[in-house]
Amino acid sequence: MRRGIGRIVGGRIHAVRFPRSTRRPLSIVPRPALLAERLRGARIDAVERHGKRIAIGLEPAGPERAPRWLVIEPRMTGLLLLVPPPTADHLRMELDVGDRPCHRLRFWDQRGLGTIRLVDAAGLERACGAAKLGVDGLVVTAAELGRVLGGSRRAIKVALLDQRAVAGIGNIYAAEILHRAGIDPRTPCRRLVADDWERVAAAARGILAAAVDHEGSSIGDELYRTADDRKGSYQRLHRVYGLAGTPCRRCRTPIERIVQAQRSTFFCPVCQPRRRRAPPRRSR
DNA sequence: CGTTCAACCTGGGCGC
DNA sequence: TGCGCCCAGGTTGAAC
């Protein structure tokens, strides 16, 4: 997503519209009219990704106004598009970026669970700083995972979704990472040893890098699209996510689906074997 | 500390 | 065809 909209950097915001903003919630702070006023005339200096959030750096028009950041959290169905969205419905915001090949950025969100916030530097730190987001999954190391999760009793799958522990991993990639690492998603973190963390970290970096290369996962025929409204292709490389009942690509055992923390978890019971408890110490 | 549930929303799919 | 469920790439806060 960040790569797709990176070319808006250097543009200036000429106009802001909220074509559907009166009918639905979707958290926009400040309220649309005020946000539009604050954005108008600002120059776009940066587009950054922090975990699953996008932060657009702005140099406001007025001479003494401090830099601002437009922090966008797409959540389940939010998309940033440089082309017209599939339908006008659910479109929440349009930035007219001006004198650019692709001069309009739109935030389109079918379910409306996404959020848009305009913040200052301190607000960016609050929304995307180390207190909120751990090391990014694209670059996380075994040592870092062991440090933040090693003592936890939580199941590894649930822990990988904790953005404060490690940033940027969602339900699809948590499942894919653990399949590649060969670890049962129910394993308590504290039962993992150094070699396990090496495999989890390497799998996280590898899976996420490949998913970015393939422009994400577009499952079925709706929802996630690139900034120019193309499907991603990583779904073709999924080994477990959404594949319950189909044979594991590695061992032919049917993939299983369970629920953890109210989210689906997919895994192969053979490639990701249940771990025996540490053997009871025997004294005699 | 960790888990569970509800809430925020729309829409597709399925069984009856 | 229509209705009532269940499900969905996420996050947060309350209750236990």
>> I need the phi-derived Karplus couplings for segment A:87-96: 6.51 cos²θ - 1.76 cosθ + 1.60, θ = phi - 60°, integer Hz, Gly and Pro marked x.
In response: 9, 6, 4, 6, 6, 9, 7, 10, 9, 8
> Roughly to the nearest percent, how much of the accessible area of chain A is carbon and sulfur, given a 1.4 Å probe?
Replying inline: 51
> Each residue of segment A:104-112 in turn: what ³J(HN,Hα) in whole Hz from Karplus with 6.51, -1.76, 1.60 and θ = phi - 60°, glycine and Pro shown as x?
Replying inline: 9, 9, 10, 10, 10, 9, 4, 8, x
> Which length gain, in nm to one decimal place, applies between residue A:87 and residue A:253 when the Cα-Cα distance is subtracted from 0.36 nm times their residue separation?
Replying inline: 55.6 nm
> So for the pair residue A:246, residue A:45, with labels modelled 7 Å out along Cα→Cβ, what separation do we get in nm?
Replying inline: 4.7
>> Suppose accessible area is computed on protein heavy atoms with a 1.4 Å probe; arrange A:77, A:141 from highest to lowest.
In response: A:141, A:77
> When DSSP beta bridges are limited to those with both residues in chain A, what percentage is antiparallel, rounded to the nearest 5?
Replying inline: 90
> Taking 0.36 nm per intervening residue step and subtracting the Cα-Cα distance, what contour gain separates residue A:3 from residue A:120 on full extension?
Replying inline: 39.8 nm
>> Quick test of the membrane-span-like rule: which DSSP H helices of chain A reach at least 20 Å along their long axis (C-alpha atoms) with mean Kyte hydropathy at least -1.0?
In response: A:194-213
> Where the centre of each part is set by its Cα atoms, how far does segment A:1-62 sit from segment A:169-216, in angstrom?
Replying inline: 33
>> Could you give me D for segment A:135-267, from Stokes-Einstein at 25 °C and 0.890 mPa s, where the hydrodynamic radius is the Kirkwood radius over C-alpha pairs? Units µm² s⁻¹, please.
In response: 163
> Within segment A:46-76, whose backbone N sits under 13 Å from a point 7 Å along Cα→Cβ of residue A:263?
Replying inline: A:52, A:75-76
> Where a ≥ b ≥ c are the square roots of the eigenvalues of the C-alpha gyration tensor, would you call chain A rounded, which needs a/c under 1.5, or, failing that, prolate if a/b is larger than b/c, or oblate?
Replying inline: prolate
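The values are calculated or read from the model by the stated rules, or taken from the named source; none is laboratory data. Remember, predicted model here, so these are calculated numbers, not experimental data. Every residue, glycine among them, receives a Cβ derived from its backbone with ideal geometry; neighbour counts consider all protein chains shown. SASA here: full protein model, heavy atoms, side chains in, ligands and nucleic acids out. Shrake-Rupley method; radii C 1.70, N 1.55, O 1.52, S 1.80 Å.
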